[in-house]
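The values are calculated or read from the model by the stated rules, or taken from the named source; none is laboratory data. Quantities reported herein were computed from a predicted structural model and do not represent experimental measurements. So basically every Cβ, Gly included, is an ideal-geometry build from the backbone, and we count neighbours across all protein chains shown.
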Amino acid sequence: MNRVNWDSMRALRTPALNHYTAVPSTPSSGLIGSMRTRLNLVHKTVGIITVLVFVGTGVLLRFHFSLIYETNHLVRMMFRSIHIYILLAGLLNIAIGSYLIVSLGTRKRNAQWFGSICLLVAPAILVAAFFYEPVLETLDRHLTQVGVILLLVGTLSHLLGASRARPA
């Protein structure tokens, strides 16, 4: 027997009968639902790939770079910090992909799209920074700065564009 979940129903007013009829709300139908599904999948995929890259860079740090830069503490610190930023980017994408609900409002939805673009581009910039910046042996870390700022802006955009929680 089909049970009706009244919490997931929305009211549809029928003007001729002047009463409300319960109609199941389907958040996955239509354009917004398909955007939600695709965007969630993209975030999860990029996040999982980024976490796998994090594991790969960890193997490089452990077995290859540790032998080369063993005595240079500045370079080791830079490799390790960018290594952790790569993990941060991957985990943020997995979290957004798991919990993102695309807002119905145009401004909020645009903020979410902007935030998603920032969060999806940041891992590539941080991986490039991992291989480029430490070998320069300077404290100038422009790519890392851009990547971390993209993570911050993307996260704040999703915070501002988040849909309000539905009452229980």
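Filtered by the rule that a residue be assigned to a helix (DSSP H, G or I) and either more than 18 Å from Leu92 (Cβ to Cβ) or without any contact (Cβ under 8 Å) to a residue 12 or more places away in the chain (or both), the stretch 119-158 gives Ala124, Phe131, Tyr132, Pro134, Val135, Leu136, His142, Gln145, Ile149, Leu152. With respect to (1) within 21 Å of Leu41 (Cα to Cα); (2) surrounded by fewer than 21 Cβ atoms within 10 Å (Cβ to Cβ); (3) at pLDDT 95 or above, the lone exception for Leu150 is condition (2).
Return the only residue of Val102, Val46 being under 22 Å from the mean Cα position of the chain (by Cα), among the β-branched types (Val, Ile, Thr) and not in a helix (DSSP H, G or I).
Details: Val46 fails: not in a helix (DSSP H, G or I).
The conditions single out Val102.
One residue stands out among those in the stretch 55-75 that are at pLDDT below 75 and in a helix (DSSP H, G or I): the one that is farthest from Pro134 (Cα to Cα), which is Leu67.
Just one of the numbered conditions (1) modelled with pLDDT of 95 or more; (2) surrounded by 21 or more Cβ atoms within 10 Å (Cβ to Cβ) is not true of Ile117: (2). When the stretch 71-108 is filtered for residues that are closer than 25 Å to Gln145 by Cα and among the charged types (D, E, K, R), the ones remaining, listed by number, are Arg76, Arg80. Residues of the stretch 82-104 that are surrounded by fewer than 14 Cβ atoms within 10 Å (Cβ to Cβ) and in contact (Cβ under 8 Å) with a residue 24 or more places away in the chain: Ser98, Leu104.
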